[in-house]
């Protein structure tokens with residue numbers, strides 16, 4: 001995307017399914033990328049598998065734990081590079097995440113909210129603080145979900161061991177309102193936060209689930225992760241200069 005050229009974008013969760021492909025797409029758009037993740041080795045391995053040249057000048061790889069307040073604050077305070085935008089694709093969760101509703105303990109629920117929503121708050125807060133300090137235009141994209149917008153369609157999980165975690169719905173819906181709160185608080189059109197809410201992303205789920213999900217879309221079914229990238233790039237770019245606190249749903253009609 002031409003109007004992203006020469007910008008510097010921070011990608012958190014760059015070792016993940018979406019984050020790694022976003023790094024690759026940004027580099028192809030002549031963007032300088034700061035790729036961060038909790039595990040530097042896993043992240044660089046994932047990027048290398050995608051054909052990303054880890055030695056290119058346009059790429060900086062660094063370790064960052066988004067759930068650690070000291071780590072996040074230190075990262076933003078020590079950065080001597082002007083950052084034009086950021087995307088938070090991280091998805092921190094505990095070992096008991098994903099249980100069925102009646103099996104979720106209060107302790108586990110609270111821990112997952114702290115890990116995922118808490119880190120989203122922390123990352124968003126520090127992006128806003130960074131803008132307040134440097135006073136240069138900044139676009140943040142957070143990742144929500146269709147299940148932050150609509151109620152789950154539990155029938156698509158029949159005949160599988162899968163479910164739609166209650167923590168996920170609570171977190172993703174809260175992120176949408178967190179965005180509105182922060183841009184309203186900062187109150188400066190140079191600082192924007194938006195969301196992309198993907199539908200289901202293909203990751204080798206069971207066939208019964210894939211078939212049931214496809215029947216509730218307009219034919220695409222589960223999306224390839226690369227289908228999400230365009231909306232993120234748009235929100236980072238000057239083409240969306242006055243788009244703020246909005247949510248782009250990419251789901252081929254699943255939420256209708």
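The values are calculated or read from the model by the stated rules, or taken from the named source; none is laboratory data. Quick caveat: nothing in here was measured; it's all calculated off a predicted structure. Here the Cβ is made from the backbone with ideal geometry for all residues, glycine too, and neighbour counts use every protein chain on show.
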Exercise. Evaluate the following for residue 181: is it at pLDDT 95 or above, out of contact with any strand residue (DSSP E or B) (no Cβ under 9 Å at 6 or more places or on another chain) and under 21 Å from residue 124 (Cβ atoms)?
Key: yes
Checked pairs for the range 27-42, first surrounded by 21 or more Cβ atoms within 10 Å (Cβ to Cβ), second modelled with pLDDT of 95 or more and part of a helix (DSSP H, G or I), C-beta under 6 Å and 6 or more apart or across chains, list as 33/23; 33/26; 33/27; 35/23; 37/43
Listed by first then second residue, the pairs whose first member lies in the range 237-248 and is at negative phi and touching a residue at least 24 places away in the same chain (Cβ under 8 Å), whose partner is part of a loop (DSSP other than H, G, I, E, B) and crowded, with 16+ Cβ neighbours inside 10 Å, with beta carbons under 6 Å and at least 6 positions apart or on separate chains, are 237/1
Counting only residues in the range 89-111 that are over 21 Å from the mean Cα position of the chain (by Cα) and within 20 Å of residue 160 (Cβ to Cβ), the one surrounded by the fewest Cβ atoms within 10 Å (Cβ to Cβ) is identified as 102
Of the residues in the range 40-66, those that are more than 19 Å from residue 4 (Cα to Cα) and in contact with a helix residue (DSSP H, G or I) (Cβ under 9 Å, 6 or more places away or on another chain) number 14
Of (1) under 21 Å from residue 129 (Cα atoms); (2) in contact with a helix residue (DSSP H, G or I) (Cβ under 6 Å, 6 or more places away or on another chain); (3) touching a residue at least 60 places away in the same chain (Cβ under 8 Å), residue 101 fails just (1)
Those residues of the range 67-88 that are more than 18 Å from the chain's Cα centre (by Cα), closer than 21 Å to residue 5 by Cα and surrounded by 15 or more Cβ atoms within 10 Å (Cβ to Cβ) come to a total of 1
The lone condition residue 114 fails out of (1) surrounded by fewer than 17 Cβ atoms within 10 Å (Cβ to Cβ); (2) under 19 Å from the mean Cα position of the chain (by Cα); (3) touching a residue at least 60 places away in the same chain (Cβ under 8 Å) is (3)
Exactly one of 165, 137, 198 is in contact (Cβ under 8 Å) with a residue 24 or more places away in the chain and more than 26 Å from residue 94 (Cβ to Cβ), and that one is 137
Would the range 204-220 turn up any residue that is in contact with a strand residue (DSSP E or B) (Cβ under 7 Å, 6 or more places away or on another chain), at pLDDT 95 or above and outside any helix (DSSP H, G or I)?
no
Scanning the range 221-245 for residues that are over 21 Å from residue 17 (Cβ atoms) and assigned to a loop (DSSP other than H, G, I, E, B) gives 237, 241, 242, 243, 244, 245
Given the conditions (1) surrounded by 16 or more Cβ atoms within 10 Å (Cβ to Cβ); (2) assigned to a helix (DSSP H, G or I); (3) modelled with pLDDT under 95, every one holds for residue 156 apart from (3)
_Test: residue 251 is touching a helix residue (DSSP H, G or I) at 6+ places or on another chain (Cβ under 9 Å), closer than 30 Å to residue 159 by Cα, touching a residue at least 60 places away in the same chain (Cβ under 8 Å) and surrounded by fewer than 19 Cβ atoms within 10 Å (Cβ to Cβ)_ = no
